[in-house]
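Undergrad: Attaching a single structure in structure tokens format; questions to follow.
The values are calculated or read from the model by the stated rules, or taken from the named source; none is laboratory data. Worth saying up front: this structure is predicted, and the values here are computed from it rather than measured. Neighbour counts run over all protein chains shown; Cβ positions are idealised from the backbone, glycine included. The accessibility values were calculated without ligands, DNA or RNA, using every heavy atom of the protein model including side chains. Shrake-Rupley method; radii C 1.70, N 1.55, O 1.52, S 1.80 Å.
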Amino acid sequence: MTEPGDRLSLDAHADLSRVDRVMSQIIADPATAEEFIRDPSGVLTRLGLHPRTSREVHDRVNRVFYATLTNAELVSFVADHFQSFQPPADADNTQAEGLRQGEIRHAESLDEAALNHCLGDPRFVRRMLELCLHDLNNRGLLQNRYGEQEIDDYVERMAWAVAERRAVRDMPVLEEWDAQHGIGKPLGGPIAEAAALLTVVLPVEIAVPATVLAKEDISSALAANQAALDAAFRRDPEAIRTTATVGALTRLAGELLQHAYTFERP
């Protein structure tokens, strides 16, 4: 459970509680999904998840987002970390019910367990920050160029801040793009972008009625999908919605990755 003084988790929960609604809107409308692939920051602002900002900041946030998606070492590191993740018992039912209604829906207990699995491991936090920030710096995607030691020093300060569970507004800032965006700001930084891996790059976690980041869950999740598809062909309306929602989310993830690797990777 979240401790009373754990401001970081409270801030994260406030954001996560709105993500399902926005992702459901995106996958429900092919035009919005297509726009999201090319301008994720702009779409998230238009749908009310992110605050308004300049076109310049949107473009920078998008470049950082695409860079995170194409950082193979970071993606593998996050995926490997979740091999030991044990989702709570109610996670599958909540996800399955949402899919039957054509929505992305997570149990609050799943969000909390996933956050604790990440934020509660200082080694994971430190390495995730290193992989993300050194890559962004090497690609020239930050406002400024930093020496390796400067990045390492910032990573250490940020890792301590996460370990202390400080509020997002109290995190050390490497650079500020506007009041809300930047490295160490609520949006556009490495923690936010690494979280995107859990909702987009690793879409199986939210695209099937089971959390399949743990290896032992993969076969059961595939079986659940096959069962839904079989039922859909038998005119089961809930199975049809489940199959359509899974397909829309999988398509979004695939096309987003294709766009990132083909058009956005430096």
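Undergrad: With labels modelled as points extended 7 Å from the Cα through the Cβ direction, what inter-label distance (nm, one decimal) is found for residue 116 paired with residue 149?
TA: It is 4.0 nm.
Undergrad: Rolling a 1.4 angstrom probe over the protein heavy atoms, how many square angstrom per residue are accessible across region 1-153?
TA: Value for region 1-153: 48 Å² per residue.
Undergrad: How large is ³J(HN,Hα) for each residue in region 132-142, as worked out from phi by the Karplus curve 6.51 cos²θ - 1.76 cosθ + 1.60 (θ = phi - 60°), to whole Hz, x for Gly and Pro?
TA: Each residue of region 132-142 in turn: 6, 6, 5, 5, 4, 5, 5, 7, x, 9, 8 Hz.
Undergrad: Pop out the carbon and sulfur fraction of the accessible area of region 1-127 as a percent, whole number, probe 1.4 Å.
TA: 52 percent
Undergrad: Apply the Karplus curve 6.51 cos²θ - 1.76 cosθ + 1.60, θ = phi - 60°, to the phi angles in region 252-265 and return the couplings in whole Hz, x for Gly and Pro.
TA: Karplus-based 3J(HN,Hα) across region 252-265 equals 4, 4, x, 6, 5, 5, 4, 5, 4, 6, 7, 10, 10, 6 Hz.
Undergrad: With all protein chains present, calculate the accessible area of residue 242 using a 1.4 Å probe and round the result to the nearest 10 Å².
TA: Roll a 1.4 Å probe over it and residue 242 shows about 10 Å².
Undergrad: If packing is taken as the mean number of other Cβ atoms within 10 Å per residue, what is the order of 24-31, 122-129, highest first?
TA: In descending order of packing, they fall as 122-129, 24-31.
Undergrad: Return the long-range amide H neighbours of residue 177 (sequence gap of 5 or more, or a different chain), with a cut-off of under 5 Å between placed amide H atoms.
TA: Residues meeting the criterion, in which the H sits 1.01 Å from N, are 182, 183.
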